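Below is one structure, written out as structure tokens, with a few remarks after it.
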Amino acid sequence: MVAMSVRTETTPAPAHRAGFACFVGRPNAGKSTLTNALVGTKVAITSNRPQTTRHTVRGIVHRPEAQLVLVDTPGLHKPRTLLGERLNDVVRTTWAEVDVIGFCLPADQKLGPGDRYIAKELGEVRKTPKVAIVTKTDLVDSKRLAEQLVAVAQLGAELGIEWAEIIPVSAVGDKQVSLLADLIVPLLPEGPALYPEGDLTDEPEQVMVAELIREAALEGVRDELPHSIAVVVEEMLPREGRPAEKPLLDVHANIYIERPSQKGIIIGPKGARLKEVGTKSRRHIEALLGTPVFLDLHVKVAKDWQRDPKQLRKLGF
């Protein structure tokens, strides 16, 4: 009897991939909601007001075979103020540094001049793979969705953009969100993880807390106000003399607006609105930091801060 040795060829495991992707699109195209849905938690503030996002927030998606780091940028738009110009510079710098660009186009709105303006700019970015993401698909029927997908394909062909993928998603309805990550991962370079397992963002806690307060302050205010609100967290300190099992974090923050007349809008009758902002944002801050919080909010005027380089620097832009 002859003993035979049998060699089985094992398929090598796919190489680990890690890299950066950013979502671009005109304001309110669903970029922040999509970032939060992919990461599985709130790392980017969302609002139905344009120009909500001002900081580049990185959300980190961990998978056994890959790590996808999402960079959330402000909406690219034709700037009217110095702040607007600086936000656009942030977007263009980000495009030059990422491995994949996802262009978000809402399914419920026809492609307009804003989308074309961004697509033209994207056409100038030659080497980076681009994925067209048709967002908010839960708001339209299948006929309207099909029309939008065709329009997006045509826009790319017209401007010489070769889409690596065109994918419809609904972040709110959690439709195809995981598939989007599946399609982006192969476009990332091979390499080890860039962040430790468990990290969901590299945004400093103080900046995230300020953003949560600003999100609450944006809700229900008049249309002209969102661009005028900035929030700075002055300090976050554990309350002294508290027993270890009953900690309390003192958070002191200032909400800045541009004109004294806007103060009343933020504070509300007998301080009711400011109290509501405090209650709402405190709940989110406690969930983010995992500790009870005492939130001390003040409203201050920083005259025309969006047009003043000194004030912009002071407020972190």
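Read-outs: derived from the displayed coordinates by stated rules, not from any lab. Computed from a prediction, not measured in an experiment: that's the story for all the values here. Cβ coordinates were reconstructed from backbone atoms using ideal geometry, including for glycine residues, and neighbour counts include every protein chain displayed.
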Set of lysines with alpha-carbon distance to K130 below 23 Å, sequence-local pairs under 8 removed: K31, K78, K110, K120, K175
Would you order E245, E286, E165 from fewest to most other beta-carbon atoms within 10 Å of each residue's own beta-carbon? E245, E286, E165
So which lysines can K263 reach, going by Cα to Cα under 25 Å and dropping same-chain residues fewer than 8 places off? K275, K280, K300, K303, K310, K314
Footprinting exposure proxy for L212, L155 (fewest neighbouring C-beta atoms within 10 Å first): L155, L212
Order of L194, L187 under a 10 Å beta carbon neighbour criterion, fewest first: L194, L187
Over all pairs of different Cα atoms in the range 205-314, the reciprocal of the mean inverse distance gives a Kirkwood radius in Å of 14.6
Give me the log10 of I(q) over I(0) for the range 71-190 at q = 0.18, 0.19, 0.22 Å⁻¹, as the Debye formula computes it from C-alpha points; what are the numbers? -1.02, -1.13, -1.40
A157-R63 pseudo-label distance in nm [points 7 Å out on the Cα-to-Cβ vector]: 2.9
